[in-house]
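Down below is the structure, laid out as structure tokens.
We did not get these values from a lab; they are worked out from the coordinates using the rules stated. Please read these numbers as outputs of a predicted model, since none were measured by experiment. All Cβ positions, even for glycine, are placed from backbone atoms using ideal geometry, and neighbour counts span all protein chains on display.
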């Protein structure tokens with residue numbers, strides 16, 4: 001199968017590309033620069049240079065492929081609404097290209113806001129698009145489905161981890177370095193689901209190969225308590241562990257405070273049954289015990 005992958009050199013996208021190639025598929029990857037072309041070629045994939053906003057480039061990639069995996073999203077949170085609109089247009093362009101064929105498409109979504117405070121399942125519906133939450137990946141993919149496109153979503157955990165991680169946990173570590181303490185909120189019992197990036201990549205591949213109805217949950221661990229995560233950061237960086245008041249937490253975490261407070265456990269029982277998928281990699285806390293996880297300089301930007 002020839003698969004078009006958006007953001008093919010990204011944290012999740014690059015793992016998906018390697019998984020596909022190792023299992024005998026061809027890959028055409030959307031990359032942003034000549035440097036991305038070199039990285040992509042090194043793993044045996046072909047590149048299209050372009051941005052998520054370049055819908056003609058997306059149509060070109062989708063038209064040459066037997067299937068599409070969309071992993072691209074600009075995580076500049078200061079432009080969340082604008083970036084969400086760009087993603088919606090990208091998904092619509094891909095869907096229009098696949099319309100009238102049996103070629104499958106997977107788009108990337110998340111579990112964080114599906115069912116706050118309770119365990120989310122694949123049966124939960126994505127929150128409606130609103131001013132406060134403008135990301136529309138699942139809403140956008142529902143429209144091609146109505147027109148007969150074989151499309152669905154892969155929902156990722158807040159922590160998609162592994163060496164080289166530059167997501168939520170390294171962001172916590174970066175704040176801990178900056179403030180001199182590793183902090184959690186309240187009792188720290190709120191939970192983040194997690195998955196290793198290599199396990200998540202297998203969900204995408206199996207979703208394309210088996211093509212049952214989704215959405216799929218790439219969730220290896222239902223929920224890891226925030227206090228346990230921040231304790232691991234405390235030990236790794238040799239910093240005190242603290243629990244600031246609500247007012248102090250807002251100042252301590254800044255724009256990241258709402259993410260820190262998320263309680264979003266999620267299960268993947270249906271995905272495991274449908275795809276025959278079982279996580280094989282180390283769990284989040286086991287990953288965090290590795291001496292080089294935070295690199296003592298690991299990148300710390302915001303999935």
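Quick notes
- Calculated on alpha-carbon atoms, Rg and Dmax of region 230-291 in Å: 16.5, 45
- Residue 79-residue 59 pseudo-label distance in nm [points 7 Å out on the Cα-to-Cβ vector]: 2.3
- Region 250-288 and region 124-177: distance between their alpha carbon centers, rounded to Å: 12
- On the basis of the beta-carbon distance and an R0 of 35 Å, residue 23 and residue 235 show a calculated FRET efficiency of 0.40.
- The calculated FRET efficiency for residue 131 paired with residue 42, based on their beta-carbon distance and R0 = 51 Å, is about 0.75.
- The chain: calculated mean residue ellipticity at 222 nm from DSSP helix runs of at least 4, using -39500 (n - 2.57): -12000 deg cm²/dmol
- Across q = 0.15, 0.19, 0.21, 0.24 Å⁻¹, region 195-303 modelled as identical point scatterers on its alpha-carbon atoms has Debye log10 I(q)/I(0) values of -0.81, -1.09, -1.20, -1.36, in the order of the q list.
- Label zone at residue 273, where the point sits 7 Å out along the Cα-to-Cβ direction: region 211-242 residues whose backbone N lies under 19 Å: 211-222
- A straight chain from residue 34 to residue 210 at 0.36 nm per residue would run longer than the Cα-Cα distance by 60.0 nm.
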